[in-house]
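The values are calculated or read from the model by the stated rules, or taken from the named source; none is laboratory data. All values reported here derive from a predicted model rather than from experimental measurement. Positions of Cβ are backbone-derived with ideal geometry, glycine not excepted, and every protein chain shown enters the neighbour counts. Quick note on the areas: whole protein, heavy atoms, side chains included, nothing else; ligands and nucleic acids left out. Shrake-Rupley method; radii C 1.70, N 1.55, O 1.52, S 1.80 Å.
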Amino acid sequence: MTVRRAPAYPPPVPAPHAPARLAALRRRLLAWWDAGHRPLPWRQPQRGADPYRVWLAEVMLQQTQVVTATPYWLRFVERWPTLEALAAARDEDVLAAWSGLGYYARCRNLLAAAREALRRHGGLPSGYDALRALPGFGPYTAGAVASIAFAAPVPAVDGNVTRVLSRLFLVEGDPAARAARARVAALAAALVDRERPGDLNQALMELGATVCRPSPDCARCPVAARCAARAAGRAAELPPPRRRPDKVRLVLACAVVVREGRVALVRRPAGGLFAGLAAFPAAEVGPGAEAGAALEREARERHGLRLRAGEELGRVERVLTHRLLELRALRCSLARPPPEEGIRWIPADELDGAGLPAAMRALAGVVCDVLGQAPPPSGGARDRGRARARANSLAPPRDFV
DNA sequence: AAGACGGGGTA
DNA sequence: TACCCAGTCTT
């Protein structure tokens, strides 16, 4: 008797699988889900599903493991319990609370989407298409929020679901390529549960996260008997690993300007690495280039900051997804009075809470050690051994105008 | 289709 | 070390 619109996503593709087989899969997966799943905090239905909390979790969990995202989620809902509260927050506060979690465009899109949703819909919209139109809502997040928070019968295909379905139905080929993606999307669409779409989608993800992992534990799998890859003895080799481009080395010189116990921080430019975050004034050091000169030029051109670069206080290396990042801290003195705007002066012992990206927070730890300041309570411990302290640089800084 | 975008868990 | 993670956006 219910009138249903065809889901807008994915495009209708005929599923060559018997409805009976799909129904059996749904039944087993839901039973497995009901029999017990991880009690993650955003799954606690305090007073029914809270779309805002579901959404916040989905965004934080993009390319991020549960154990990493959880403490951030708890802090966010404590500080900004509702969509309205988040929309009213200051950008820099939210970005600072996100610092360390990575992929900072997620945070900027989160804020933009919160404000746009409130303005255009009075809250989070419930339909896939309306969600998909908001910043940061790709196919996965729109499907996850629509199905989990609003019970919309749409699929939600993430890395876990791709792996699970690739194995269950023996999908061959690079999962990033169009053919395999369309195949997985069609399977996920065919498998959607009309009664409990959110639970079925979560069951697939939970299975991928806890059982059908890259190295599968088929003995614990509720649908192992129906798994085509398992039958072929190929569960562990599907889907094929994604090939990644080589990492490019990036050296960033970071200015440590200290004035009366406070350190100069700027805001990173809108696009690119660490976009929008608080950061040390920094400059890329090309191959064969001189770090101090590059830093003096960049600080002057971008921030109006006239610096004289001095000795190196320490360095830190980080492996990012696609680059090898090396941060070199250079002590700098002010050659001219600094501009009033665009520079924040942070007490050295408060750098840890200033909203720096994780790599720069680690660098701050090294620098504080070298300068004999109170080190931040966390971060950088691993790098302290690499700090290249100079015997004559241990005295408190005396860099004044 | 390919690259940019962080940081950390895991084997 | 290599791969992966409840992906999205831009060339």
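A few remarks follow.
- The set of residues in the stretch A:269-284 that are touching a residue at least 24 places away in the same chain (Cβ under 8 Å), surrounded by fewer than 19 Cβ atoms within 10 Å (Cβ to Cβ) and more than 8 Å from DNA strand B (Cβ to nearest atom) comprises A:PRO269, A:GLU284.
- Members of the stretch A:292-308 that are touching a strand residue (DSSP E or B) at 6+ places or on another chain (Cβ under 6 Å) and buried (at least 21 other Cβ atoms within 10 Å of the Cβ): A:GLY292, A:LEU295, A:GLU296, A:ALA299, A:LEU307
- Of all residues in the stretch A:318-361, those satisfying the criterion of being β-branched (Val, Ile, Thr) and open to solvent by less than 30 Å² (accessible area, probe 1.4 Å) are A:ILE343, A:ILE346.
- Each residue in the stretch A:118-134 was checked for being over 21 Å from the mean Cα position of the chain (by Cα), surrounded by fewer than 23 Cβ atoms within 10 Å (Cβ to Cβ) and more than 20 Å from A:THR82 (Cβ to Cβ), and 2 of them qualify.
- When A:ALA142 is tested against (1) in contact with a Phe, Trp or Tyr (Cβ under 8 Å, 6 or more places away or on another chain); (2) open to solvent by 20 Å² or more (accessible area, probe 1.4 Å), just one condition goes unmet, and that condition is (2).
- Out of A:PHE150, A:PHE137, sole residue that is open to solvent by less than 20 Å² (accessible area, probe 1.4 Å), assigned by TED's automatic domain parsing to the domain that holds A:VAL211, in contact with a helix residue (DSSP H, G or I) (Cβ under 9 Å, 6 or more places away or on another chain) and aromatic (Phe, Trp, Tyr): A:PHE137
- Scanning the stretch A:246-257 for residues being out of contact with any Lys or Arg (no Cβ under 8 Å at 6 or more places or on another chain), surrounded by fewer than 23 Cβ atoms within 10 Å (Cβ to Cβ) and assigned to a strand (DSSP E or B) gives a total of 0.
- Out of A:LEU101, A:LEU118, A:LEU111, A:LEU95, sole residue that is over 21 Å from A:PRO155 (Cβ atoms), part of a loop (DSSP other than H, G, I, E, B) and at pLDDT 95 or above: A:LEU101
Conditions (1) out of contact with any Phe, Trp or Tyr (no Cβ under 9 Å at 6 or more places or on another chain); (2) within 15 Å of DNA strand B (Cβ to nearest atom); (3) open to solvent by 60 Å² or more (accessible area, probe 1.4 Å), marked per residue:
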| position | (1), (2), (3) |
| --- | --- |
| A:ALA203 | no, no, no |
| A:THR210 | yes, yes, no |
| A:PRO214 | yes, yes, yes |
| A:ARG220 | yes, yes, yes |
| A:ALA224 | yes, no, no |
| A:ALA228 | no, no, no |
| A:LEU238 | yes, no, no |
| A:PRO241 | yes, yes, yes |
| A:ARG244 | yes, yes, yes |
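- Among residues of the stretch A:287-320, those that are part of a loop (DSSP other than H, G, I, E, B), touching a residue at least 12 places away in the same chain (Cβ under 8 Å) and either within 30 Å of A:GLN63 (Cβ to Cβ) or not hydrophobic (A, V, I, L, M, F, W, C) (or both), counted: 3
- Residue-level check: of (1) more than 30 Å from A:CYS221 (Cβ to Cβ); (2) within 10 Å of DNA strand C (Cβ to nearest atom); (3) touching a helix residue (DSSP H, G or I) at 6+ places or on another chain (Cβ under 7 Å), A:ALA142 misses just (1).
- Applying a threshold of 8 Å to beta carbon distances and a minimum spacing of six or more residues, or different chains, the list of pairs starting in the stretch A:66-90 at a residue that is hydroxyl-bearing (Ser, Thr, Tyr) and ending at one that is part of a helix (DSSP H, G or I) reads A:THR70/A:PRO41; A:TYR72/A:MET60; A:TYR72/A:ALA97; A:TYR72/A:TRP98; A:THR82/A:TYR52.
- Residue selected from the stretch A:159-174 under the condition assigned to a loop (DSSP other than H, G, I, E, B) and either within 16 Å of DNA strand B (Cβ to nearest atom) or touching a Phe, Trp or Tyr at 6+ places or on another chain (Cβ under 9 Å) (or both), by the criterion most open to solvent (accessible area, probe 1.4 Å): A:GLU172
- Of the listed requirements (1) of a type in the set (Val, Ile, Thr); (2) more than 16 Å from DNA strand B (Cβ to nearest atom); (3) modelled with pLDDT under 95, A:VAL192 misses just one: (3).
- In the stretch A:175-219, the residues that are among the charged types (D, E, K, R) and within 16 Å of DNA strand C (Cβ to nearest atom): A:ARG178, A:ARG181, A:ARG196, A:ASP199, A:GLU206, A:ARG213, A:ASP217
- Scope the stretch A:48-68; condition near DNA strand B (Cβ under 7 Å from one of its atoms) and open to solvent by 40 Å² or more (accessible area, probe 1.4 Å); matching residues: A:GLN63, A:GLN65, A:VAL67, A:THR68
- All helices (runs of 4 or more DSSP H) inside the stretch A:18-90 with 3 or more residues being more than 26 Å from the chain's Cα centre (by Cα): A:19-34
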